[in-house]
Amino acid sequence: MTINDSLDLVFDIRTDESDKPTLRLFHKTISRDVFELNYRLLSSVFSEIWSQGSFHAMSVGPRIASMVLKDTAKRLFDGSPEEYDNDRNPASSLLEEIKRLSMVLAPTPSGWEKIPVQSALSRNLIDEEEWQEVESSLVFFTSAYHLARKSERTARSKILLGLLKGQTYSDSMATTVSSQTLTVPETSQPATPSSVPY
């Protein structure tokens, strides 16, 4: 995983035998408005994962964060039917927003093609387990990063990158998604509307 100065994340979803990426995922982090709508969920996820110590957070946090998010939503909102049901609950809304802000990067002869996650799943470019792993890592990063004070976010992002075995860069996505000189053509599909109510 890598991160640039504008908080654009890139994950290697799949690598070849020489550890070179064959499929990647690009993600723009959630907005301040989305964070404010979900602060109770994200703070509870952060507390539950990190309260058991840094070893627990480092070893299993990125793998369980989305499950902790769903459990937390049930615990916080299960007694409020108007706020929680199985399909339209705060956890589902946040996970849909995370998915909306993510694009699969698939290599083509002309560069890396950007494909919406749902389209990539429908086309079997990635499977559900691969997406769930990336989704959980995104929840882990989001919960920890956005709860830091602005002045502390750079330091915290470095800690998170260490836990996620990442590195930092400041170039644009088009020049950093590959060590080769590749371009990233824009998808012809319209952007999915945000699931966040305004």
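Readers should treat all values here as calculations from the given coordinates under stated rules, not as data from a laboratory. Everything numeric here is computed off the predicted structure, so don't read it as measured data. All Cβ positions, glycine included, derive from the backbone under ideal geometry; neighbour counts span all protein chains shown.
For segment 9-62, the relative contact order is 21 percent, taking Cα pairs closer than 8 Å that sit 6 or more residues apart in sequence and dividing their mean separation by the residue count.
Rounded to whole numbers, the Karplus 3J(HN,Hα) couplings from phi for segment 23-40 are 7, 10, 10, 9, 9, 9, 5, 5, 7, 4, 4, 5, 4, 5, 6, 10, 5, 5 Hz, using 6.51 cos²θ - 1.76 cosθ + 1.60 with θ = phi - 60°, and x at Gly and Pro.
Take each peptide in 40-48, 118-126, count the other Cβ atoms within 10 Å of every residue, and average; sorted highest first, the result is 40-48, 118-126. Under 5 Å between amide hydrogens, built in the peptide plane, is the criterion, and for I13 it picks out L23, R24, L25 among residues at least 5 positions away or on other chains.
Rounded to the nearest Hz, the phi-derived 3J(HN,Hα) couplings of segment 51-63 under the Karplus curve 6.51 cos²θ - 1.76 cosθ + 1.60 (θ = phi - 60°) are 5, 8, x, 5, 5, 4, 4, 5, 7, 10, x, x, 8, where x marks glycine and proline.
With the simple model of a label 7 Å out from the Cα in the direction of the Cβ, D33 to Q118 spans 2.0 nm. Rounded to two decimals, the Cα radius of gyration of segment 16-78 over 2.2 N^0.38 Å is 1.42. Under a 5 Å amide H cut-off, with hydrogens placed 1.01 Å from N, E113 pairs with A106, T108 among residues at least 5 apart or on other chains.
Can you list the lysines whose alpha carbon sits under 29 Å from that of K114, skipping same-chain ones fewer than 8 residues off? List returned: K20, K28, K70, K99, K158, K165.
Across segment 112-129, rounded Karplus estimates of 3J(HN,Hα) from the backbone phi angles (6.51 cos²θ - 1.76 cosθ + 1.60, θ = phi - 60°) give 8, 7, 8, 10, x, 4, 4, 5, 5, 5, 5, 8, 6, 6, 10, 9, 4, 5 Hz, Gly and Pro being marked x.
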